[in-house]
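*Asks:* Shown below is the structure under consideration.
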Amino acid sequence: MTGCEKEEQAFTKRRTEIAKELFRKSIHMFSAVVPFLLHFAYWPVLVLLMLVVVVYSVSEIARINGKKIPLVSNITTFAARSRDENRFVLGPVTLACGIILTALFWKEEYARIGIFALAFGDGSASLAGKLYGRVEVPFADGKTAAGSLTCFFAIFVSSFAVCRNAFAALILSLVGMLIEVLPLKDFDNLLIPISIGGLATLLL
């Protein structure tokens with residue numbers, strides 16, 4: 001393989017990775033609409049999210065056993081990271097469960113802050129890391145300084161938009177950034193909204 005072919009292959013691989021990350025994180029950010037839906041139809045929305053988890057889980061079990069379910073399996077295959085190939089892709093389950101548990105545990109305003117932290121903070125961190133990350137955070141499984149700073153800024157802005165308290169937003173964004181940088185893989189989808197929502201109840 002020539003040098004040009006290697007460069008082209010590397011470029012194609014990176015472009016595919018970025019496209020997948022954009023797709024995954026667009027789902028993350030779309031979850032920001034859930035608090036508004038919960039305000040008008042709390043239990044129907046929660047039940048629908050639970051149903052999504054069940055349907056998705058059945059689809060994933062079928063997919064890894066060689067039986068694809070139209071649309072759902074195709075989307076999962078396209079969005080899956082290399083670490084998830086031929087495995088149950090856990091991200092959508094932890095994302096939905098994080099939102100469900102946050103809505104159940106905390107009052108509306110605090111749950112909104114937690115879900116926004118997940119949607120915008122965690123959602124933008126990975127994307128920024130892929131696009132601009134050059135400096136990796138030590139012992140963070142590839143997390144980057146660019147991703148962490150983007151997470152901090154996104155949580156600060158989204159939290160302040162809800163609570164209008166700069167000090168609380170600063171603490172929430174610091175804690176959210178620290179959680180996001182931990183090598184938790186898909187389980188940060190659970191820890192970020194629940195923790196930030198709970199911390200908001202103490203600060204506000």
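The values are calculated or read from the model by the stated rules, or taken from the named source; none is laboratory data. Bear in mind that the values here come from a model prediction, so they are computed numbers and not experimental data. All Cβ positions, glycine included, derive from the backbone under ideal geometry; neighbour counts span all protein chains shown. All accessible areas refer to the heavy atoms of the entire protein, side chains included, with ligands and DNA or RNA removed. Shrake-Rupley method; radii C 1.70, N 1.55, O 1.52, S 1.80 Å.
*Asks:* What accessible surface, in Å², does a 1.4 Å probe find on VAL135, ignoring ligands, DNA and RNA and rounding to the nearest 10?
*Replies:* 100 Å²
*Asks:* So how do 183-189, 114-120 stack up, highest first, on mean other-Cβ count within 10 Å?
*Replies:* So the peptides 183-189, 114-120, ranked by packing, come out 114-120, 183-189.
*Asks:* For the pairs LYS25/LYS107; LYS25/LYS143; LYS68/LYS130, note any where the Cα-Cα span goes beyond 23 Å.
*Replies:* Flagged as over cut-off: LYS25/LYS107; LYS68/LYS130.
*Asks:* Provide the per residue accessible area, probe 1.4 Å, for segment 149-194, rounded to a whole number of square angstrom.
*Replies:* For segment 149-194, the per-residue accessible area is 47 Å².
*Asks:* What is the sum of charges around GLY98, taking Lys and Arg as +1, Asp and Glu as -1, for the other residues whose C-beta is under 11 Å from the C-beta of GLY98?
*Replies:* With Lys, Arg at +1 and Asp, Glu at -1, the net is -3.
*Asks:* Something else: Given labels modelled 7 Å from the Cα in the Cβ direction, how far is it in nm from GLU136 to LEU37?
*Replies:* According to this spin-label approximation, the distance is 3.7 nm.
*Asks:* What is the distance, in nm, between label points placed 7 Å from the Cα along the Cα-to-Cβ direction at LEU90 and at VAL52?
*Replies:* 2.0 nm
*Asks:* Would you mind getting me the FRET efficiency between LEU101 and SER26? Use the beta-carbon distance for r and R0 = 35 Å, nearest 0.05.
*Replies:* 0.95
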